[in-house]
Amino acid sequence: MSLTFRHAIVVGASSGIGAEIARQLAAEGCSVALLGRRTAELQKLADAITSSGRGKAIVAAHDVTQYDTVPALLDSLTAQLGGLDLLVYASGIMFTPGEGEYDFTQDRAQVEVNLLGAMAWTSPVVAMFEARRAGTVIGISSIAGERGRRTFPGYATSKAAFTTWLEALRNKASRAGVNIVTVKPGFVDTPMTAGIERKPMVIPASKAASLILAAARRGGSPSVFIPGQWWLVAMVLRHIPSFLFRRVNI
Ligand SMILES: NC(=O)c1ccc[n+]([C@@H]2O[C@H](COP(=O)([O-])OP(=O)(O)OC[C@H]3O[C@@H](n4cnc5c(N)ncnc54)[C@H](OP(=O)(O)O)[C@@H]3O)[C@@H](O)[C@H]2O)c1
């Protein structure tokens, strides 16, 4: 099976992985709605898509923490696109606290963007897709959600919960023909990771986007590590006993 995406909403399309996914979808002739807070960045991408002569792009300013605005925006974008067969939730923020630092404000913000915003978008979209018995949702979670990490407790927690949410959606809706894709990237070269010095196995955002779209097109509600080698890392991480894991600086 190879799915074709014709009408997509990309939440978090102003930079990094989301922007690359939107660019590649449009290059295949898909009409894409680009969402995020930085409308200048979104407009630049929309202009590039339009001038390439492939696909169509519309821009919508949106802060994912404005949960109540999602249903009306979803209806409006679906109408403007002429349908919807793919939702990509790529919005995310990461805060890395220093040694001895604990910051509830930052932790709450990560949960609000990385988890609650995703729940606000995926709930009405999966309901729509379940009723139609077709459609794909791509959620960009992270390998960071595999264990509670001392380097970014709030980020790891938000991603672990997002991964669990996507698995629950898959178990609820895949029997109705909805394709729920959980994506767990390792290091991807984007503005989010620009300040990180050591990035083993880092890949460009364009490579991450093409691997993600290839996995989504295969259907079958996969859960994938990007690139695939991170599966082995995740297996090792999962099996390190807690009393040893707390001694490791990752
Ligand atoms: N880069 C990596 O190594 C890596 C690894 C694993 C997972 N991930 C995940 O991949 C996803 C994309 O990250 P990236 O690396 O591409 O980072 P990025 O370039 O910083 O992109 C983050 C995106 O999230 C959007 N966003 C942040 N806060 C938002 C808000 N309140 N409302 C709406 N959109 C918001 C940003 O748009 P605006 O600022 O315009 O709102 C931007 O489009 C994230 O979920 C991240 O956690 C990244």
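The values are calculated or read from the model by the stated rules, or taken from the named source; none is laboratory data. Quick caveat: nothing in here was measured; it's all calculated off a predicted structure. Cβ: placed from backbone, ideal geometry, glycine included. Neighbour counts: every protein chain shown. To get the accessible areas, we keep the full protein, side chains included, count just its heavy atoms, and leave off ligands, DNA and RNA. Shrake-Rupley method; radii C 1.70, N 1.55, O 1.52, S 1.80 Å.
Calculated from DSSP H runs of 4 or more alone, at -39500 (n - 2.57) each and per residue, what is the 222 nm mean residue ellipticity of the chain, nearest 500?
-13500 deg cm²/dmol
When the solvent-accessible surface of protein heavy atoms is calculated with a 1.4 angstrom probe, in what order do Y155, Y102 fall, highest first?
Y102, Y155
Ignoring ligands, DNA and RNA, how do S210, S242, S142 rank by accessible area with a 1.4 Å probe, largest first?
In descending accessible area the options line up as S242, S210, S142.
Using the alpha carbon gyration tensor of the stretch 45-117, what are the three equivalent-ellipsoid semi-axes (square root of 5 times each eigenvalue), largest first, in whole Å?
Over the Cα atoms of the stretch 45-117, the ellipsoid semi-axes are 32, 17, 9 Å.
Separation of the stretch 182-239 and the stretch 112-138 by C-alpha centroid, Å?
Going from one Cα centre to the other spans 21 Å.
So who's got an amide H within less than 5 Å of the one on V59, skipping anything under 5 residues away but keeping other chains? H placed 1.01 Å off N, in plane.
It is L34, by chain and number.
Can you list residues from other chains, or at least 5 along the same chain, whose modelled amide H is less than 5 Å from the amide H of T190?
none
Leaving out ligands, DNA and RNA, and with a 1.4 Å probe, what % of the accessible surface on the stretch 1-142 is carbon or sulfur?
Within the stretch 1-142, the accessible surface is 52 percent carbon and sulfur.
Obtain the nm distance between the two label points defined at R175 and T96 by a simple spin-label model: each point lies 7 Å from its Cα along the Cα-to-C-beta direction.
4.3 nm
Using all alpha carbons of the stretch 85-231, what is the percent of pairwise distances in each 5 Å bin, ordered from the shortest bin to the longest?
The percentages, shortest bin first, are 2, 10, 19, 22, 20, 14, 8, 4, 1, 0, 0.
Provide the per residue accessible area, probe 1.4 Å, for the chain, rounded to a whole number of square angstrom. Please list the in-between numbers first.
Details: 11740 Å² over 250 residues.
Heavy-atom SASA per residue in the chain reads 47 Å².
How large is ³J(HN,Hα), in whole Hz, for each residue of the stretch 156-164 in order, when computed from phi with the Karplus curve 6.51 cos²θ - 1.76 cosθ + 1.60 and θ = phi - 60°, using x for Gly and Pro?
Once rounded to whole Hz, the list reads 4, 5, 5, 6, 4, 5, 5, 4, 5.
Counting C-alpha atoms alone, how compact is the stretch 1-137: give Rg to one decimal and Dmax as a whole number, in angstrom.
When restricted to the Cα atoms of the stretch 1-137, Rg and Dmax are 15.6, 52 Å.
List the lysines whose alpha-carbon lies under 29 Å from that of K207, not counting same-chain residues fewer than 8 positions away?
The qualifying lysines are K44, K56, K159, K184, K199.
Taking amide hydrogens as modeled 1.01 Å from N in the peptide plane, which residues meet the under 5 Å criterion relative to F95, leaving out close sequence neighbours?
Result for F95 returns Y155.
Using the Cα centre as the reference, give the magnitude of the dipole from point charges on the C-beta atoms of the chain (Lys, Arg: +1; Asp, Glu: -1; all else neutral), rounded to the nearest 20 debye.
Dipole about the Cα centre, nearest 20: 760 debye.
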